[in-house]
Amino acid sequence: MGKRWFSLIAAGLLAVGTLLPAAPAMAAPTFKLPFPCGQSWSGQTRTDHSPAYAVDFNRTDDLGDPVVASAPGTVDRVTDLGGTSYGKYVRIDHGGGYTTYYAHLNGFNVSVGQSVGYGKVIGWVGSTGGSSGPHLHYEQRLNGADIQVRFNGSLALYWGTKSYTSDNNCSSTTGSGTVNTSGTALTVRSGPGTGYDAVGTVADGTRVTIYCQTSGTSVTGTYGTSSIWDRIGTGRYIADAYVYTGSDGYIPNVPRC
Ligand SMILES: [Zn+2]
């Protein structure tokens, strides 16, 4: 009797399961380029790539450049495979079966379980694993299967090399900082270095908007020695070594000039 009841219930469940429509597939996240807002990168696809739809990204002097989350999600892998395959890689779970992979990283800036939003720096471009030179190997997957990469819903170029410009987290493209010189005014230069013309000064304690950052002359200031320069206006640069930004090094999400 007990067995008969069980079979009836099982049959009923099966019937219900058959009648219900399949759950609709979740819409794909809006993926952005895995680099900070405003940056342009060369993305290459090729038929002999593994997996086939992965994109390899490069730009000049890209070793150590920040890599950012291409959509919000939860970091579910921060793995170092050593000298093989992906080397140091991060995987982000975006829900709905969608994941993204960021491989050959130089280092990690996130840990497993961490929630990330657009533009979050997850690591830096490197050449770890089975890589012959610095680049970012990037993949989008659905239910574990490699899918053709899309940015803002637009298909990447298959096959070939194309320049892509990031609009990832562009809503927060400016940073801010406070000049700290212990009294004296800080010289503003026309370019990112002490060799550029002095075009003005900013007083100690001034709050500045930072539109972008770049590498220039190394300067020793209040916050140590740094070659980072902050662009605070058109043709106006100050040495980051004298600016309190809350970041040690480049400010996440503020673009490179
Ligand atoms: Zn690759």
Could you grab me the full set of residues in the range 202-253 that are touching a helix residue (DSSP H, G or I) at 6+ places or on another chain (Cβ under 8 Å) and outside any strand (DSSP E or B)? Thr222, Tyr223, Asn253
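Can you tell me which residue is modelled with the highest pLDDT among those in the range 1-58 that are over 30 Å from Glu139 (Cβ atoms) and of a type in the set (S, T, N, Q)?
If we take residues in the range 1-58 being over 30 Å from Glu139 (Cβ atoms) and of a type in the set (S, T, N, Q), then Thr18 is modelled with the highest pLDDT.
Tell me which residues, restricted to the range 58-98, are among the hydroxyl-bearing types (Ser, Thr, Tyr) and over 14 Å from Gln39 (Cα atoms). Walk me through it before giving the result.
Keep residues of the range 58-98 that are among the hydroxyl-bearing types (Ser, Thr, Tyr), which gives 60, 70, 74, 79, 84-86, 89, 98.
Once the filter is applied, which keeps residues that are among the hydroxyl-bearing types (Ser, Thr, Tyr) and over 14 Å from Gln39 (Cα atoms), the range 58-98 yields Thr74, Thr79, Thr84, Ser85, Tyr86, Tyr89, Tyr98.
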Is one or more of the residues making up the range 140-157 assigned to a strand (DSSP E or B), among the hydroxyl-bearing types (Ser, Thr, Tyr), more than 20 Å from the chain's Cα centre (by Cα) and away from the ligand (no atom under 16 Å from the Cβ)? no
Flagged in the range 66-90 as part of a loop (DSSP other than H, G, I, E, B), within 21 Å of Tyr118 (Cβ to Cβ) and within 16 Å of the ligand (Cβ to nearest atom), in numbering order, are Ser70
List every residue pair whose Cβ atoms sit under 6 Å apart, with the two residues 6 or more apart in sequence or on different chains, where the first one lies in the range 56-71 and is more than 15 Å from Val110 (Cα to Cα) and the second, anywhere, is among the aromatic types (Phe, Trp, Tyr) and away from the ligand (no atom under 16 Å from the Cβ). Gly64/Trp124
Where residues in the range 34-61 are within 13 Å of the chain's Cα centre (by Cα) and within 16 Å of the ligand (Cβ to nearest atom), which of them is surrounded by the most Cβ atoms within 10 Å (Cβ to Cβ)? Pro34
Among (1) within 15 Å of the ligand (Cβ to nearest atom); (2) not assigned by TED's automatic domain parsing to the domain that holds Asp62, the one test that Val179 misses: (1)
Name, by its number, the condition in (1) more than 19 Å from Pro29 (Cβ to Cβ); (2) away from the ligand (no atom under 16 Å from the Cβ) that does not hold for Gly117. (1)
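Would you mind stating whether Gly123 is buried (at least 22 other Cβ atoms within 10 Å of the Cβ), of a type in the set (Gly, Ala, Ser) and within 16 Å of the ligand (Cβ to nearest atom)? Spell out the reasoning first.
Working: buried (at least 22 other Cβ atoms within 10 Å of the Cβ): yes; of a type in the set (Gly, Ala, Ser): yes; within 16 Å of the ligand (Cβ to nearest atom): yes.
Criteria met by Gly123.
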Within the range 164-198, which residues are over 25 Å from Gln39 (Cα atoms), surrounded by 20 or more Cβ atoms within 10 Å (Cβ to Cβ) and without any contact (Cβ under 8 Å) to a residue 60 or more places away in the chain? Leu186
Those residues of the range 101-121 which are assigned to a strand (DSSP E or B) and either in contact (Cβ under 8 Å) with a residue 60 or more places away in the chain or within 16 Å of Gly82 (Cα to Cα) (or both), in sequence order: Tyr102, Ala103, Gly107, Phe108, Val121
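The values are calculated or read from the model by the stated rules, or taken from the named source; none is laboratory data. Here the structure is a predicted model, which is why all the values come from computation and not from measurement. Cβ coordinates were reconstructed from backbone atoms using ideal geometry, including for glycine residues, and neighbour counts include every protein chain displayed.
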